[in-house]
Amino acid sequence: MKIKTKLRLGFGFLFLIVLSFGVIALFFLNELSNKSKVILKDNYKTLNYLSAMRSVLDNGTFLSPAGKDKFEKNLVLEERNITEPGEAKAVAYLRSSYGRLIGSSNDKALEARNLRIALQQIEALNMKAIYDKNELANKASGRANIYIAVAATVCFLILFTFIVNFPGFVANPLAEFSSAIRQIGNKNYKQRLHFNNNDEFSELAASFNSMATKLNEWENSNLSKLKSEKLRIEAIIAQMQDAIIGLNEKGEVLFLNTLASKLINLDEEKTVGQNVSELVKKNELLKRILSPATDNKPLKIYADDKESYFQLENREIVIPNFEVNREDTLIESSRSAGSVYVLKNITQFKELDEAKTNFIATVSHELKTPLSSIKMSLKLLKDERVGEMNPEQKELLEHIQEDSSRLLKITSELLDLSQAETGNLKLSFALTRPVDIVTYAIEAVRFQAEQKNIKLEVSCDENLPQVNADIQKTAWVLVNFLSNALRYSSEKSKVILDVVQLSGLIQFSVRDFGKGIDEKYQKRLFDRYFQVPTDGQNKSGSGLGLAISKDFIEAEKGKIWVESAIGEGSRFCFTLPNA
């Protein structure tokens with residue numbers, strides 16, 4: 001039977017119960033009403049007629065025409081309203097007594113007394129009838145109350161049973177469906193529903209069971225795949241040459257390979273499953289790994305009886321979020337599933353880098369002496385006391401001197417770079433006025449600016465706060481900025497050097513109006529040996545000047561950057577903190 005049919009039958013049954021109770025109540029109320037009407041109608045009229053006739057006797061007007069008419073009229077009405085046993089005989093006696101009273105009887109007082117006796121008899125009969133009928137009405141009322149109460153009780157019990165049981169017909173299957181769906185949501189794909197009724201719930205349960213079977217098959221087929229993939233991934237992680245640590249979203253250790261447990265000095269079996277917040281309290285190295293410094297410097301760890309260098313990399317694992325909250329609404333599109341920390345062994349590269357730095361420092365130092373000697377020899381050759389040279393020889397001499405100066409500059413830069421890389425950069429800090437740094441730099445490039453007829457505009461207040469810096473190294477950075485600006489500026493243009501005070505900082509900037517630098521090259525400008533591609537009109541440097549400038553400024557706790565756009569020129573800036 002379909003659910004719709006059951007609902008119709010159920011509500012039809014309720015309608016019949018209510019209708020039956022109404023019919024029973026209406027029947028007994030109608031019976032009680034009829035009893036009451038008899039009492040109020042017939043006997044009440046009789047008493048009214050008797051009262052009118054008695055008033056005529058009491059007034060003594062029964063012999064007058066008006067009195068006769070009134071008495072006769074009420075007597076006739078009473079004769080038509082005989083309803084009780086014995087009332088007809090009493091009314092006949094009343095009629096005969098009244099006839100004798102108004103007739104030829106000589107004893108009027110006796111006849112009047114007989115007439116009163118007749119009125120009393122009729123009145124007594126009707127009063128007795130009223131009492132009897134009232135008793136019958138009371139009994140009928142009590143019987144009706146009992147029947148109505150019994151009917152109401154039966155209807156109430158039936159309706160209460162229906163109200164208690166009938167909603168369960170719909171609610172109970174829905175509750176079972178809700179519980180089964182929650183079990184499916186908790187990945188219990190073995191949940192099944194069984195309904196024996198031939199209705200929509202049975203059909204829906206069959207569809208649900210079919211779905212659960214398919215899900216169970218899918219889960220079983222994928223579970224073995226997941227397990228094999230998990231074992232494969234664990235094998236790969238164990239064989240990797242890098243130390244790897246994996247945490248879940250709760251901060252618990254999911255895995256760490258043999259190399260990681262060896263470096264951190266933790267037992268792999270005991271560590272997996274523990275919370276890192278407890279482990280870091282006893283292991284300082286693990287704390288450094290999980291809370292890495294912002295400078296991204298390699299970690300130096302003593303391992304295998306020697307110092308080794310490791311580069312730390314960490315990644316947060318983000319996965320799609322398909323979970324729902326209690327209100328069945330999506331929380332967010334993705335969520336964190338944990339983090340992975342990888343320690344890459346860069347000891348070999350570190351050793352090669354140190355060897356390269358030492359080699360550069362040694363070669364640069366060895367080249368500096370012969371280059372200085374060459375410059376001295378060139379200076380002597382220019383002296384006319386040694387001998388005169390023709391124009392071609394002088395031109396060659398100029399080229400040799402220019403190239404030797406360039407080589408000497410490169411060797412100096414390489415020495416500075418090797419000092420910075422080995423951490424041996426030596427700075428002579430002193431309280432210095434910004435205007436002194438600017439003056440030092442302007443004097444160094446003035447001749448170069450005059451040769452290209454470029455105007456140098458300087459904006460620097462002499463009352464700016466002092467900075468704690470190495471004046472020569474800081475001026476060298478400004479000279480490098482100015483030299484690059486002059487090199488890439490056209491003739492008869494201008495270069496602006498601006499020094500301003502910011503909140504707790506002094507900002508130095510050099511602005512040119514050349515071709516500008518493409519945005520894709522700006523992030524690499526301060527990398528070692530990087531050179532922006534040129535059109536061949538300008539000689540490029542060694543690619544070390546800006547890298548060394550960055551080392552100098554950052555060693556003085558400053559910041560360096562560039563702002564540029566194609567066709568608008570470039571603006572190189574650095575800041576130093578107030579002394």
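The values are calculated or read from the model by the stated rules, or taken from the named source; none is laboratory data. Computed from a predicted model, the values in this text were never measured in an experiment. Positions of Cβ are generated from backbone atoms using ideal geometry, with glycine treated the same way; all protein chains shown enter the neighbour counts.
Just one of (1) closer than 17 Å to Phe552 by Cα; (2) at pLDDT 85 or above; (3) among the hydrophobic types (A, V, I, L, M, F, W, C); (4) in a helix (DSSP H, G or I) fails for Val435. It is (1). With respect to the conditions (1) in a helix (DSSP H, G or I); (2) in contact (Cβ under 8 Å) with a residue 24 or more places away in the chain; (3) of a type outside the set (A, V, I, L, M), Lys270 falls short on a single one, namely (2). Taking the range 460-470, which residues are under 19 Å from Ile560 (Cα atoms) and modelled with pLDDT of 90 or more? Cys460, Gln466, Val467, Asn468, Ala469 - these are the residues of the range 460-470 that are under 19 Å from Ile560 (Cα atoms) and modelled with pLDDT of 90 or more. So which of Arg80, Arg100, Arg143 ends up being surrounded by fewer than 12 Cβ atoms within 10 Å (Cβ to Cβ), more than 60 Å from the chain's Cα centre (by Cα), assigned by TED's automatic domain parsing to the domain that holds Asn48 and over 15 Å from Ser51 (Cα atoms)? The match here is Arg80. Scanning the range 52-72 for residues that are surrounded by 17 or more Cβ atoms within 10 Å (Cβ to Cβ) and not in a loop (DSSP other than H, G, I, E, B) yields Met53, Arg54, Val56, Leu57, Gly67, Lys70, Phe71. Please verify whether the range 341-361 includes one or more residues that are at pLDDT below 70, assigned to a strand (DSSP E or B) and over 30 Å from Asp403 (Cα atoms). No, the range 341-361 contains no residue that is at pLDDT below 70, assigned to a strand (DSSP E or B) and over 30 Å from Asp403 (Cα atoms).
Could you tell me which of the residues Leu47, Leu75 is at pLDDT 80 or above, assigned by TED's automatic domain parsing to the domain that holds Glu111 and crowded, with 17+ Cβ neighbours inside 10 Å?
Numbers: Leu47 fails: crowded, with 17+ Cβ neighbours inside 10 Å.
It is Leu75.
Residues that are out of contact with any His (no Cβ under 9 Å at 6 or more places or on another chain) and within 23 Å of Ala430 (Cβ to Cβ) number at least 3 in the following strands (runs of 3 or more DSSP E) confined to the range 474-576: 494-502, 505-512. Asp304 passes every criterion in (1) under 21 Å from Met240 (Cα atoms); (2) modelled with pLDDT of 70 or more apart from (2). Among residues of the range 113-135 that are within 15 Å of Asn81 (Cα to Cα), those with a beta-carbon under 7 Å from a residue that is of a type in the set (Asp, Glu) and assigned to a helix (DSSP H, G or I) at least six positions away or on a different chain give the pairs Ile122/Glu87; Leu125/Glu87.
Please go through the range 185-215 and give me each residue that is free of Cβ contacts under 8 Å to residues at least 40 places away in the same chain, part of a helix (DSSP H, G or I) and surrounded by 14 or more Cβ atoms within 10 Å (Cβ to Cβ), ordered by number. So that I can check it myself, show each step before the final result.
At the first step, the residues of the range 185-215 found to be free of Cβ contacts under 8 Å to residues at least 40 places away in the same chain are 185-196, 202-215.
Subsequent filtering for residues that are part of a helix (DSSP H, G or I) retains 185, 202-215.
Answer for the range 185-215, where residues must be free of Cβ contacts under 8 Å to residues at least 40 places away in the same chain, part of a helix (DSSP H, G or I) and surrounded by 14 or more Cβ atoms within 10 Å (Cβ to Cβ): Ser202, Leu204, Ala205, Phe208, Asn209, Ala212, Leu215.
Looking only at residues of the range 310-330 that are exposed (fewer than 11 other Cβ atoms within 10 Å of the Cβ) and at pLDDT below 70, we find that the one that is farthest from Gln348 (Cα to Cα) is Glu327.
Does Ala441 satisfy the criteria of being of a type outside the set (Asp, Glu), crowded, with 18+ Cβ neighbours inside 10 Å, out of contact with any helix residue (DSSP H, G or I) (no Cβ under 8 Å at 6 or more places or on another chain) and in the same structural domain as Gly545 (by TED's automatic domain parsing)? When the stated conditions are applied, Ala441 does not pass them.
Quick one: is Phe201 of a type in the set (Phe, Trp, Tyr) and at pLDDT 80 or above? Step through it out loud before you land on a result.
Values: of a type in the set (Phe, Trp, Tyr): yes; at pLDDT 80 or above: no.
Criteria not met by Phe201.
Residue under question is Phe447, and the condition is that it be among the aromatic types (Phe, Trp, Tyr), at negative phi and at pLDDT below 70; does it hold? So Phe447 fails the test.
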